[in-house]
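One structure is given here, and the rest of the page talks about it.
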Protein chains: 2
Amino acid sequence: MSAPAEAVELNGVNVTQLTDTVGAIQGDPSIAQFRFRARTRWEGGGKSTTEIQGFHGANAEDTSRTEPFVLTGDEPPVLLGGNAGPNAVEAVLHALTSCLTVGFVYNAAAKGIAVRSLDFEIEGELDLHGFLGLSEDVRPGYDRIRIRYRVDADASDDEIEELCHYVQRTSPVLDIVRNPVKVTLARVH
Amino acid sequence: MSAPAEAVELNGVNVTQLTDTVGAIQGDPSIAQFRFRARTRWEGGGKSTTEIQGFHGANAEDTSRTEPFVLTGDEPPVLLGGNAGPNAVEAVLHALTSCLTVGFVYNAAAKGIAVRSLDFEIEGELDLHGFLGLSEDVRPGYDRIRIRYRVDADASDDEIEELCHYVQRTSPVLDIVRNPVKVTLARVH
């Protein structure tokens, strides 16, 4: 009886599990269907709390989180809030760069590229005329978002550029921000 | 000498400041230009931390936050992470419903509608074939997002419906998710 093969890890990513996951999805595409969820409750003024815990994926309800993550949203005083947390458009910036982080690191691991450090600076420009209903010509959301990243990795500049292009093609949140997503709202009683 | 007029507050929102802000922007549109920022650092595996503190708005650098907000992103074990925080597409859900919360409550206050409670359930469907590069036909991000909300307020069903339509037209994050945003990435050394 031979010992089980040891899992290959790179960048803190279990590459064996990554390869196994891809193989499993190729065998059964339904494994790839995920439904993520959150609940948000208004706390007064601009403040809200969001609880995130379960989700559906890999044909099962995930039970790995024993407690919900609790995120607080609020506005700064200049936007009539109490600074209990970052506001919603700031949360979008976090979502986008945390997604790009996972994309870079997982895909680098899959390609055998060791990453030593990776960080992002992100900035979004927003004109309040849209949110305040003062102009039909100004969109409520970001007019544009600029991201700068620094990476130190065992790869040539060309390899990093190729990786960055691949990450941009496959990043879930970058896709959500760059391209339209259908969103439906319904009131329940 | 008369006493200063007391600020009108509704739903925890300073309606006087809201009206004053709208008036100030109508007098000087540059006040409405905001630039929000974040910094994200990879922490190993799927984990990252984002710091959010300063931003530019109302023609000044905001200094109201004495410390940065720190958000942690990570993946659950089924997605090769350690559950140190919600993942990036879950953070999008929080951003969206926290934005709708502010939109509902601020606009209700502006219309004189008292809100007693407001909460949201949000769910997004995502097919991992896109992120994993297994299909060109599957988008990496959410295929669709469904939101259900409950509101208890001093308003008729028609007034709530009208408010909901207005909020959807003016919500920054709903606009970001529903419509394309230009995003640029640049590597710096």
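The values are calculated or read from the model by the stated rules, or taken from the named source; none is laboratory data. Just so it is clear, the model here is predicted, and its values are computed rather than measured. A quick note on method: Cβ atoms are made from the backbone with ideal geometry, for glycine too, and the neighbour counts reach across all protein chains shown. Just the protein is used for accessible areas: all its heavy atoms, side chains included, with ligands, DNA and RNA removed. Shrake-Rupley method; radii C 1.70, N 1.55, O 1.52, S 1.80 Å.
I need the full set of residues from the range B:44-74 which are closer than 22 Å to residue A:152 by Cα and in contact (Cβ under 8 Å) with a residue 24 or more places away in the chain, in order please.
Hits for the range B:44-74 are B:45, B:46, B:47, B:48, B:49, B:72, B:73, B:74.
Considering only residues of the range A:1-37 that are of a type in the set (Gly, Ala, Ser) and within 24 Å of residue B:42 (Cα to Cα), which is farthest from the other protein chains (Cβ to nearest Cβ)?
A:7
Residues that are surrounded by fewer than 24 Cβ atoms within 10 Å (Cβ to Cβ) and either touching a Cys at 6+ places or on another chain (Cβ under 9 Å) or more than 30 Å from residue B:143 (Cβ to Cβ) (or both): does the range B:42-49 have at least one?
yes
Is the range A:126-138 home to any residue that is touching an Asp or Glu at 6+ places or on another chain (Cβ under 7 Å), among the hydroxyl-bearing types (Ser, Thr, Tyr) and in the same structural domain as residue A:174 (by TED's automatic domain parsing)?
Within the range A:126-138, none of the residues are touching an Asp or Glu at 6+ places or on another chain (Cβ under 7 Å), among the hydroxyl-bearing types (Ser, Thr, Tyr) and in the same structural domain as residue A:174 (by TED's automatic domain parsing).
Residue by residue, here is whether (1) modelled with pLDDT under 95; (2) over 17 Å from residue A:122 (Cα atoms); (3) not aliphatic (A, V, I, L, M) holds:
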site: B:146; (1), (2), (3): no, yes, yes
site: B:151; (1), (2), (3): no, yes, no
site: B:154; (1), (2), (3): no, yes, yes
site: B:160; (1), (2), (3): no, yes, no
site: B:165; (1), (2), (3): no, yes, yes
site: B:169; (1), (2), (3): no, yes, yes
site: B:181; (1), (2), (3): no, no, no
site: B:189; (1), (2), (3): yes, no, yes
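Out of the range A:79-103, which residues are over 16 Å from residue B:99 (Cα atoms) and either out of contact with any strand residue (DSSP E or B) (no Cβ under 7 Å at 6 or more places or on another chain) or in the same structural domain as residue A:49 (by TED's automatic domain parsing) (or both)?
A:99, A:102, A:103, listed by residue number.
Can you give me the number of residues within the range B:101-158 that are closer than 27 Å to residue A:132 by Cβ, open to solvent by 50 Å² or more (accessible area, probe 1.4 Å) and not in a strand (DSSP E or B)?
7
Out of the residues in the range B:58-99 that are at the interface with chain A (Cβ under 7 Å from one of its Cβ atoms) and of a type in the set (D, E, K, R), state the one that is surrounded by the most Cβ atoms within 10 Å (Cβ to Cβ).
Top of the filtered list is B:90.
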